[in-house]
Amino acid sequence: MLSAVVAAVSLFSSIITPNSWSPPPTNPPDRVAIDVLTVNGSGCPPGSSAVAVARDNSAFTVTYSEYTAQVGVGAKPTDFRKNCQLNLNIHVPQGFTYGIASADYRGFASLEAGSKALQRANYYFQGNSPTAQVSHPVNGPLSDNWQFRDEAEGGVIIYKPCGEDRNLNVNTELRVGAGSSDPKKITSFITMDSTDGGFKTTYHFSWKTCPTA
């Protein structure tokens, strides 16, 4: 049994660090709000995902209720891959801007011997080039929770330009393959579903103050 799978990897291939900005002593005191503008993908049909901001404005979470990739008995041919694309308008207090310092992905996998799965993600600000997708393989046999963390490359974070309206795009994907297992006899799956709120994808903010005019 494997109690958890944990990895830390690079997220970003480009760097934006204006020297005139300085980190604030705390998170913004006023409430951060997020509007979900669009939701697309087989892993997040309408009404199956929810976004919430932490009370201290340190992070926001995404919870899914129908995000499972599977192969084998009872699975449809297209079920081996699920994906979700979220377009978010994040309203931040005046004088602040943000970047994503890290992201924690959690779920459950039930993989027969010989089968393989994959969790993949990237995110970027509207108008910027997409970051390279970060992939995490999971191999069977396994029947347990999994967890992965993606971190900003070298600890350097890309921030939304001050004074500009840039939505945040969040893309995730799950895949599973039968491999050497027999899909006519077994079922393998990987999921980010959360019926009780226990499995949440958490995106950790990094805050900076914007220069005054």
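The values are calculated or read from the model by the stated rules, or taken from the named source; none is laboratory data. Worth saying up front: this structure is predicted, and the values here are computed from it rather than measured. Positions of Cβ are generated from backbone atoms using ideal geometry, with glycine treated the same way; all protein chains shown enter the neighbour counts. Side chains included, ligands, DNA and RNA excluded: accessible areas come from the protein's heavy atoms. Shrake-Rupley method; radii C 1.70, N 1.55, O 1.52, S 1.80 Å.
When the alpha carbon gyration tensor of segment 33-207 is reduced to an equivalent ellipsoid, its three semi-axes come out at 32, 15, 14 angstrom, largest first.
Under the simplified labelling scheme, the residue 50-residue 38 pair shows an inter-label distance of 2.5 nm, with each label point 7 Å from Cα along Cα→Cβ.
For segment 33-207, with all protein chains in place and a probe radius of 1.4 Å, 47% of the accessible heavy-atom surface sits on carbon or sulfur.
Each of 90, 186 has its accessible area taken with a 1.4 Å probe; listed largest first, they run 186, 90. Averaged per residue, segment 22-107 has 48 square angstrom of accessible surface, using a 1.4 angstrom probe with ligands and nucleic acids left out.
For segment 87-192, applying the loop criterion from DSSP together with a ceiling of 12 other beta carbons within 10 Å to the trypsin sites (Lys or Arg not before Pro) yields 184, 185. Within the shell defined by Cβ-Cβ distances under 13 Å, the residues around residue 86 carry a net charge of -2, with Lys and Arg each +1 and Asp and Glu each -1.
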